[in-house]
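Shown next, in structure tokens, is the structure this report addresses.
The values are calculated or read from the model by the stated rules, or taken from the named source; none is laboratory data. Source: prediction; values computed, not measured. Heads up, the Cβs are rebuilt from the backbone with ideal geometry, glycines too, and the neighbour counts pull from every protein chain shown. Remember, those area values only see protein heavy atoms, side chains included, never the ligands or the DNA or RNA. Shrake-Rupley method; radii C 1.70, N 1.55, O 1.52, S 1.80 Å.
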Amino acid sequence: MHIPKDLVAASATPLVLGILTEGESYGYAILKRVNELSGGELQWTDGMLYPLLHRLERLGYAEAAWKVPAGSRARRRKYYRITEPGRRALSEQRRQWAVITGALGDLWHEMSPPPSPALQGS
């Protein structure tokens, strides 16, 4: 399935902030979590994620620190964590998304069911 860029962009901030509420994380792990949460439908790239993380830092919604994973010889990684202003922003975005998804859910419930995938290919 192709998800348009504008929908991906609109959902990116709440997705990343929500992931950071699970605990601090680094870029690659965030990319994997987005993929996992979307059932593989969202395939984000570094080029999309890192500008977003930098914007969240500028807004004060996230903080970052370079760390070497404990008990590891791996190279250091930049770990991000959500801040209190980030938690407040996420809370507001959750309210906004609840209104949007509620409205869409109500509308789609009133519509006829979507066509069967088997019929779409004919």
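Quick look at the values:
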item	result
Hits in the range 65-102 (condition: over 17 Å from the mean Cα position of the chain (by Cα) and of a type in the set (A, V, I, L, M))	ALA65, VAL68, ALA70, ALA74, VAL99
Residue tally, condition assigned to a helix (DSSP H, G or I) and of a type in the set (Val, Ile, Thr), over the range 81-110	3
Residue in the range 30-37 that is without any contact (Cβ under 8 Å) to a residue 40 or more places away in the chain and either among the small types (Gly, Ala, Ser) or not in a helix (DSSP H, G or I) (or both) present	no
Filter pass, THR83 being crowded, with 17+ Cβ neighbours inside 10 Å and of a type in the set (Ser, Thr, Tyr)	yes
Residue in the range 64-80 that is surrounded by 14 or more Cβ atoms within 10 Å (Cβ to Cβ), assigned to a helix (DSSP H, G or I) and among the aliphatic types (A, V, I, L, M) present	no
Residue within the range 42-53 that is charged (D, E, K, R), in a helix (DSSP H, G or I), modelled with pLDDT under 95 and under 15 Å from TYR79 (Cα atoms) present	yes
Filter result for TRP97 (under 30 Å from MET1 (Cβ atoms), open to solvent by less than 90 Å² (accessible area, probe 1.4 Å) and either of a type in the set (Val, Ile, Thr) or modelled with pLDDT of 90 or more (or both))	yes
Number of the exception - ASP6 against (1) surrounded by 11 or more Cβ atoms within 10 Å (Cβ to Cβ); (2) part of a helix (DSSP H, G or I); (3) over 9 Å from the mean Cα position of the chain (by Cα)	(1)
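Yes/no per residue for (1) touching a Pro at 6+ places or on another chain (Cβ under 9 Å); (2) open to solvent by 60 Å² or more (accessible area, probe 1.4 Å):
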{"site": "LEU17", "(1), (2)": "no, no"}
{"site": "LEU20", "(1), (2)": "no, no"}
{"site": "LYS32", "(1), (2)": "no, yes"}
{"site": "GLU36", "(1), (2)": "no, yes"}
{"site": "GLY40", "(1), (2)": "no, no"}
{"site": "GLN43", "(1), (2)": "no, yes"}
{"site": "ASP46", "(1), (2)": "no, yes"}
{"site": "GLY60", "(1), (2)": "yes, no"}
